[in-house]
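This report refers to the structure that appears directly beneath it.
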Amino acid sequence: MLRLPEFNYHAPRSLTEAVRIIADLNRDAMVVAGGTDVYPKMKRGQFSPRHLVSLRAVQELRGIDPNHKDGLWIGAGETLHSVANHRAIREIAPALAQAALSVAMAQIRNVATLGGNLLVDTRCNSYDQSYFWRQAAGFCLKKDGDRCLVAPASKKCLALFSSDTAPVLQSLDARVVLDSRDGNRIVPVSELYRNDGIDFCVRRRDELLRAIVVPRESFGWRSIYLKLRRRDSFDFPLLGVAAALNLERDGVCLGGRLILGAVASSPIAVKEAELLAAKTIDAQLIELIAESASRQAHPVDNADAGAWYRKRMTRVYVRRGLELLTASHPA
């Protein structure tokens, strides 16, 4: 039976108190919100913090406000259930509601938070095992070892970034608000991640993810999220495709963004999506973008399906997503 290791538990009741505790404890502390990823990894010996700082009582991390001066404001502490079912989110950013609804199952979505999903630890079949399994097989680069078990020649960790909501928010040009003792800073979601399975996020250890903001410029964009996984619920993505298009009434596209998830250690932006601007999207253009997306996807065999399959399905899912977004505007 896997048990939690010993740790000190802190339950701040305000954002100011939480930020102070995190700054004081520094590297000895880990933040926990819903805990749906943190606690299992602590049991498996992947995380071993001396202090856990719970954010459940911090009300400043809650709230969804579509009338905020900067756009659609979503507190990082909002549960995925709230995000998936909020009327304003469904109207303004339907793909975000789809992505939140696709995470795990209802029991987990009722506890897991949007902020937690944005900062979820990267995953790998050789890493997401019990301590005893990893000890027997040999520890990997991501934790306690000095080599990648999936790609031994690799000098960096190739664990997958498996957030469902991050690709969507990047496709909507969203930003995050990070709070620390020194104040707050705004970081575009497109700049929040690094393609490194260990050091995958630019958030500093003394910073808290306070909120996510979808700018007003993205209101009115059509958006969609498609998720490939082994089962229809519970599973992490084998591939995530987030697409957003700014379509005129006559079907002309003024701009497009396409983001791939779960094929690298960070979300991958498909540059060729810029070709959609000022064009009427037809089957030939969709196929061009889908082929380009497949070329940019470089999965490795560290998930529940082979790399070749996930790469092939990238093309299929991108094509499907763009066809669905443009279905009412036939070329």
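The values are calculated or read from the model by the stated rules, or taken from the named source; none is laboratory data. Just so we're clear, the structure is a prediction, and the values are computed from it rather than from any experiment. Here Cβ is always computed from backbone atoms with ideal geometry, including for glycine, and neighbour counts include all displayed protein chains.
Summary table
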quantity	calculated
Selection from the range 117-135 of residues that are part of a loop (DSSP other than H, G, I, E, B) and more than 25 Å from residue 202 (Cα to Cα)	129, 130
Every residue from the range 319-331 that is modelled with pLDDT of 95 or more and more than 16 Å from residue 255 (Cα to Cα)	319, 320, 324
Tabulated pairs, the range 107-124, first of a type in the set (S, T, N, Q), second in a helix (DSSP H, G or I), C-beta under 6 angstrom, 6+ apart or interchain	110/81; 117/165
Selected residue (only one of 106, 88, 11, 18 is surrounded by 17 or more Cβ atoms within 10 Å (Cβ to Cβ) and hydrophobic (A, V, I, L, M, F, W, C))	18
The range 225-283 - residue that is more than 25 Å from residue 111 (Cβ to Cβ) and free of Cβ contacts under 8 Å to residues at least 12 places away in the same chain and, of those, farthest from the chain's Cα centre (by Cα)	249
Single residue of the range 68-85 satisfying the filter (surrounded by fewer than 17 Cβ atoms within 10 Å (Cβ to Cβ) and among the charged types (D, E, K, R)) that is farthest from the chain's Cα centre (by Cα)	69
Residue 279 out of contact with any Phe, Trp or Tyr (no Cβ under 7 Å at 6 or more places or on another chain) and either among the polar types (S, T, N, Q) or under 30 Å from residue 65 (Cα atoms) (or both)	no
Every residue from the range 204-224 that is surrounded by fewer than 17 Cβ atoms within 10 Å (Cβ to Cβ) and either over 26 Å from residue 319 (Cβ atoms) or under 14 Å from the mean Cα position of the chain (by Cα) (or both)	204, 205, 215, 216, 217, 219
Residue in the range 37-58 that is loosely packed, with under 14 Cβ neighbours inside 10 Å, under 18 Å from residue 207 (Cα atoms) and either in contact with a Ser or Thr (Cβ under 6 Å, 6 or more places away or on another chain) or β-branched (Val, Ile, Thr) (or both) present	no
Residue match in the range 293-315 (condition: among the small types (Gly, Ala, Ser) and in contact with a Phe, Trp or Tyr (Cβ under 7 Å, 6 or more places away or on another chain))	no
Boolean, residue 171 is touching a residue at least 40 places away in the same chain (Cβ under 8 Å), under 21 Å from residue 229 (Cα atoms) and small (Gly, Ala, Ser)	yes
Tally, over the range 152-177, of residues that are farther than 23 Å from residue 270 by Cβ, of a type outside the set (Ser, Thr, Tyr) and surrounded by fewer than 21 Cβ atoms within 10 Å (Cβ to Cβ)	4
Selection within the range 44-76 - in contact with a Leu (Cβ under 7 Å, 6 or more places away or on another chain), in contact (Cβ under 8 Å) with a residue 60 or more places away in the chain and not small (Gly, Ala, Ser)	44, 55, 60, 61, 74
Residue match in the range 259-273 (condition: farther than 28 Å from residue 127 by Cβ and in contact with a Cys (Cβ under 8 Å, 6 or more places away or on another chain))	no
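Quick grid of which residues meet (1) assigned to a loop (DSSP other than H, G, I, E, B); (2) over 30 Å from residue 155 (Cβ atoms); (3) of a type in the set (A, V, I, L, M, F, W, C):
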position: 284; (1), (2), (3): no, yes, no
position: 289; (1), (2), (3): no, yes, yes
position: 295; (1), (2), (3): no, no, no
position: 319; (1), (2), (3): no, yes, no
